[in-house]
Structure formats: structure tokens, C-alpha cells
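Have a look at the structure below before the remarks.
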Amino acid sequence: MFVILALVGALSNPYLVSLMTIVLLFTFLGQSWNLMLGIGGQLSIGHALFVGLGAYSVGVLDVKFGISPWIGLLLGMFVAGSVGAVLAWLSFRFEVRGIYFALLTIAAAEFARIMFSGWEFVGAMQGLFFPAPTNAMDMAMLRGDARFYYFVALALAALGIAGTELISRSYLGYVWRAMRDDEQAARALGVRTFRHKILVIAISAAAAAVGGGVLALVQGSIFPDSIMGMGLSVDVLVGPVVGGLGTTFGPLVGSLTVIPLNHAMSALGDSLRIPGLNNIAYGVVLILVVWFLPDGIWPAIVRLCKAIQVPWRVWLPQPRKAEE
Amino acid sequence: MTSLLEVRNLSRSFGGLVAVNNVSFALGAGQITALIGPNGAGKTTCFNLVAGAMRPTSGQVFFEARRIENTPPEAVCRMGIARTFQIVRPMRDMSVLENAMVGAFSWTSSVGEARSKAYESLESVGLAGKANASTDQLTLSDRKMLETAKALSTRPKLLLLDEVMAGLRPTEAASVVRVLRRLAETGLTILLVEHVMRIVMEVASRVVVLHHGAKIAEGSPAEVVADPKVLESYLGTGFHA
Ligand SMILES: Nc1ncnc2c1ncn2[C@@H]1O[C@H](COP(=O)(O)OP(=O)(O)O)[C@@H](O)[C@H]1O
Ligand SMILES: [Mg+2]
């Protein structure tokens, strides 16, 4: 259903194609963040760290050495996964958890941003630029036109949704949700929460790095302030929060709502000469959703379909979150 | 009688308060033992010490002759000790069956295997009919039985039950008693915490009585009820045997 919708979008004008590419990429990034908090119960507000590591892995290999972004994506997964695991290990080893762990993720992201800003080899503040886009599609170097990246982003979003469902239904999904709801109770049932927390964070970080690598290719450049900044960390989490925390389709629905709105408001703000209108709109939507649909848009859609007995409701996967 | 669990000179204090004071007892395999005492006697703390949720200030815990008092709770569970919590803790967005599945992942990573074990656990506590219900549709009695089923899914050798009958109506308590008897018949060893003495008399073959953290009596139910120290401790706090 979503795939068809998205395909239709792809055949329309270039503006819509590039907007939808960003929507799908943030769906994937949101999915990675959602896995960590919505299922694993670990809050990150510094996901830009992992996104940035993925972007730089792809960027440095491609721009500096001409090595395929495919290798860059693998390297990014490895680097970000390891950094995530080490961060988690250190944190939980010293009993830093919950909101304190979240603060640590911001600190780590800011530290990395400052480090990359001063690192000449990776372009420092001047950033890294990929070779100019061509119209010839090149799978090996992941280069092509806007429509090509649209399909890459679409594949990634689909992969993210399928992966989340798969993990959710495997034993990891059960064990992680138990750990998220009550760590002490989960441990009493034999769940080795220490290693599972590290695992969920490493997987989330590795996925975020893939999203970051592709985001960098799509944008054609990497700047430390935007790819590793606080703003990006927030952009990553807004989708799943608005769409529905811990639900498989939440990040997609949330990104579909928030990003086009943000762009529209930004354009409106420009024409009305009200800078920052998009940020205000962002805030208003967040407040409205938190106020009226505290568990997000997706669970509300599912409830609505159930209430009006839409015959195809059987197609809709149930949200994982309780309706309370 | 071989002892599955042995607690030796166990103590735990919180600041100046000695919650468990030099307590020793042993559990015979396949028996139901009750740990009783008025509220605040230190029963839950004792459970936490055995289950690895807290470390003792001093003393040892032996399970199958291995020392476990400094073992973390997940490892204690994997050795074969499962516990329930006095305050029931169902996982909110999981069905009754899914709740009961989690424990099985301590010995299998197969979802199918976990599901069939969970059914078996629910069946043995009489909850199989509500497998697909959500946990907030359950009565208190059912929730307590769900806690027991969750623990059973870990395939324990020793089951620690913290006040599973507290707050239940007499008919509900009677059905819990039947469940516990049946579990014991399968060879499971049970340590049961209750503060109401009457219920334990029916199921336990041995009773350990705590008061102000110390063990004041131990023996068969009949011996314990006849013990003046026990009566005094209960009368002193307004509870009647
Ligand atoms: N985590 C804790 N911190 C401080 N005091 C505690 C803690 N747990 C229990 N206590 C105290 O230890 C004593 C024994 O409590 P508990 O073991 O819960 O008793 P029981 O289960 O027999 O009712 C009580 O006085 C209680 O207030
Ligand atoms: Mg208690």
C-alpha cells in the first residue's frame, strides 16, 4: 500500500521526488531511533553521532580514495556500531542509565561534531563534496539522478520497516520489550539486560549510519554542523514521536506528516518574510500531537479503523504499544 | 533429604535498619516451604537476597551447593531459581501469552518453542483460556497467576513466590493452593512468602517464621502454630493465626 503510494509520488515532479526522498530517509533514520527507544527502551538524543559517522565513512572513502560507497556503508555500520557499543558499555558499566545515558549521547555527538569540525583531513568546517551528480546511473558507486536516490531511499525505508518487524517478532523483540517495560522484572526472568542494551544500541547505531551515508550521497556534501548537529538528532526523533513510538509504521507516518509540513512552512515563511515559521509550525504540531494523540498518529489511525470497522483493517498491523 | 537451597547466617541492613538478621534455613527438594511473618519482617528482602536482586551485608546462599549470593539476578534465574514480585509486574503491551513467553527465552531463542512453553505454563496455573487477553483485563488473582506462569516458563528448579495469595478471596486462594500442590507434585521446589498463616498451613510442609528480620521459629505447620513466640509476634502486630 505504502509502496504503491510512494511509487506514484516518484513519477511526479522533481520537487516532490526530492522531498519524498528526504521523507523516506528520515523514515529509515526514525526507524533506527525507534528500535532503540520504542522497543529497547534506551533513549538517544544524540543520534546525529551515528548518522554523521556513517556519512563521513562514505564520504571519506568516496571523495578521498574513490572507494565505493557500498564499502563506505559497511565501514560506517562497523564504526557507528562499535562506537555505540562502547558508549553503551561504558555507560551501563558505570550505572549511567535512563536520562543520564541520553545526556551522554548528546555529549558524545557534540564532541564528535567539534572533533570533525577541526579535522582538516575530512574537510573540517568546509565540509566534503561528492563528485557532481550525473544522469548515468552507477550502482557500484551509488550515483545517479534524483529519481535514482529516491528509489534507494524507498528501498531503505522498506528494508527498515521489514527489519523492524522481523526483529520485533523474533526473540529479541520480546526480550527487549520486557527490558524496556521493567528492567528488574526482565532480569528476574533471565534476560541479560546488560548485553541486550548494548546490542540494541549497536544495531540502532549501525542502521543510523547507513541512513547517514545515503543522506550524505543525496545531499552531495557533508558539513559537520548539519550532519552531526543537535538539529539532526532532533529531526531523527520527531518522526517516530509524532507517528507513534515503538510502532513499525510510526516513523513513516510521522515523517510524512512533519517533513512536508516543515518544507511548506519554510516556503511560506520565505514568501511572507517570516523567518523561522517552519520551526514554529514544527513546535505547534509536536504540541498538538503530544496533547491530543499522546501515543502518536499511527495508533490513532489503527484505532479509528477498528472503530469504523473498515473491512481492510485486517491489513493494518497492530501497533505494539498499548492504547492506554 | 538433600537441600536444594541453603541460606547461612544471612543478614542485610538498610542504613541502621537490620531487615534480615542472621537467618539460616534449608529447603528440601520437591517440598513447599513457607516463609511467614508479619509485614516488615524481612520476607521480601530475604527473597531479594536469594534471587540476586540485592547483595547481603553478610552470610551466604548456596544453590545446588554453589554460592550465589553475589550472582546477578539473570544468572540466578538461569541457574534455576525463578521468583515473582509482591507487586505484580505484567509487561503492558504484551498479551498474557507473550508475557509468559519472555521467561522461556532464558533457555531457547525459538519463538515457537517459547510459545508452547508459555501455553504449558499458563495451563498449569489455569490461565490458558485467557492466553490472548491483554493483561489489564485480568483480575488480581489472574495477574498473580500470570506472574507465576512467567516464572514457570524459565523452567525453574526452585520457585520463589512472594505473597501470591495476598488480597485474594478465599475461593481464589483455594484454587491457588491447588495449583501449588500440583506444581510440587511435578517435583518443583517452592518457597512461599505469606503473611497470613492460615493459608500456609494448608500447603506448606515446613514453615520458617521471621520477626523483625530474625528467624524465631521453624518446623512443621503444627509445631509452628503451637509456638508461643510465633503467636506473640502475630498478636503483637494485630494478625491472627
Ligand atoms: N530497599 C529498601 N531500602 C530501605 N529499607 C528497606 C528496603 N527494602 C525493605 N526495607 C525495609 O526492610 C524491612 C523489611 O521489609 P520487607 O523485606 O519488605 O518485609 P516483608 O516482605 O516481610 O513485609 C522493612 O522495615 C522495610 O521498610
Ligand atoms: Mg513483602
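Quick note: the coordinates plus some simple rules give every number you see, no bench work behind them. Nothing here was measured: the structure is a model prediction, and the numbers come from that model. Glycine also receives a Cβ, built like all others from the backbone with ideal geometry; neighbour counts cover every protein chain displayed.
For n ≥ 4 DSSP H runs only, could you compute -39500 (n - 2.57) per run for chain B, divide by its residues and tell me the 222 nm figure to the nearest 500? Write out the running numbers ahead of the final one.
Numbers: 9 runs with 88 residues, N = 241.
The per-residue figure over chain B is -10500 deg cm²/dmol.
Is the shape of the range B:84-155 best called rounded, prolate or oblate, per the rule: a/c under 1.5 gives rounded, else a/b larger than b/c gives prolate, else oblate, with a ≥ b ≥ c the square roots of the Cα gyration tensor eigenvalues?
On the way: a/c = 1.62, a/b = 1.47, b/c = 1.10.
It is prolate, given that a/c is not under 1.5 and a/b is the larger ratio.
Dividing the Cα radius of gyration by the Kirkwood radius, what Rg/Rh value follows for the protein assembly as shown? Please report the intermediate quantities before stating the final value.
Values: Rg = 28.4 Å, Rh = 26.3 Å.
So for the protein assembly as shown, dividing Rg by the Kirkwood Rh gives 1.08.
Can you tell me the order of A:210-218, A:178-186 when each peptide is scored by its average per-residue count of other Cβ atoms within 10 angstrom, highest first? Don't skip to the end; give the middle numbers.
Details: A:210-218: 27.8, A:178-186: 21.7.
Peptide ranking by packing, descending: A:210-218, A:178-186.
Within 10 Å of each residue's Cβ, count the other Cβ atoms and sort A:227, B:68 from fewest upward. Don't skip to the answer; put the middle values down first.
Details: A:227 25, B:68 20.
Fewest-to-most ranking of A:227, B:68: B:68, A:227.
Just checking the output field for A:223-229: average partner chain Cβ neighbours within 10 Å of each residue's Cβ?
Values: counts 0, 0, 0, 0, 0, 0, 0.
Counting Cβ atoms of other protein chains within 10 Å of each residue's Cβ and averaging gives 0.
Work through the residues other than residue B:69 whose Cβ is under 13 Å from its Cβ and net out their charges, Lys, Arg +1 and Asp, Glu -1. Walk me through the numbers on the way to the answer.
On the way: positive: B:8, B:12, B:55, B:66, B:67; negative: B:6.
Within the 13 Å Cβ shell, the charges total +4.
Taking just the alpha-carbon atoms of the range B:64-185, what radius of gyration and Dmax come out, in angstrom?
14.0, 42
For residue B:123 and residue A:65, FRET efficiency with R0 = 51 Å and r from the beta-carbon atoms, rounded to 0.05?
Numbers: r = 61 Å, r/R0 = 1.21.
My answer for the efficiency is 0.25.
Please state, as a whole number in µm²/s, the translational diffusion coefficient that the Stokes-Einstein equation yields for the range A:2-230 at 20 °C and 1.002 mPa s, with Rh defined as the Kirkwood radius across alpha carbon pairs. Intermediate results must be reported in sequence, preceding the final value.
Numbers: Rh = 18.1 Å.
The calculation lands on 119 µm²/s.
Points 7 angstrom from Cα along the Cβ direction at residue A:303 and residue B:60: gap in nanometres?
5.7 nm
How shielded is B:94-104 by partner chains, expressed as the average number of their Cβ atoms within 10 Å of its Cβ atoms?
Details: counts 7, 0, 0, 0, 4, 4, 1, 5, 12, 7, 4.
For peptide B:94-104, the averaged partner shielding equals 4.
Specify the residue with the greatest mean-square fluctuation among A:199, A:35, A:159, computed from a Gaussian network of chain A linking alpha-carbon atoms under 10 Å apart.
In the Gaussian network model the winner is A:159.
Need one number: the % of Cα-Cα pairs in chain B sitting beyond the 33 Å mark. Before the final figure, lay out the partial values.
Details: 4304 of 28920 pairs.
Taking all Cα-Cα pairs of chain B, the fraction more than 33 Å apart is 15 percent.
Distance cut-off 18 Å, Cα to Cα: go down the list B:43/B:157; A:197/B:157; B:117/B:150 and report the pairs above it. Working shown, then result.
On the way: B:43/B:157 20 Å; A:197/B:157 28 Å; B:117/B:150 10 Å.
From B:43/B:157; A:197/B:157; B:117/B:150, over 18 Å: B:43/B:157; A:197/B:157.
P(r) of the range B:11-55 in 5 Å steps, Cα pairs, percent per bin?
Taking every Cα pair in the range B:11-55, the percentages come to 5, 18, 29, 27, 14, 5, 1, 1.
Between rounded, prolate and oblate, where does the range A:49-92 land on the alpha carbon gyration tensor, with a ≥ b ≥ c its root eigenvalues, rounded for a/c under 1.5, else prolate if a/b exceeds b/c?
Values: a/c = 3.82, a/b = 2.87, b/c = 1.33.
Since a/c reaches 1.5 and a/b is larger than b/c, the shape of the range A:49-92 is classed as prolate.
Sum up the charges of everything whose Cβ sits under 13 Å from the Cβ of residue A:91, counting Lys and Arg as +1 and Asp and Glu as -1, but leave residue A:91 out.
On the way: positive: A:93, A:97, A:197; negative: A:95.
Summing Lys and Arg as +1 and Asp and Glu as -1 gives +2.
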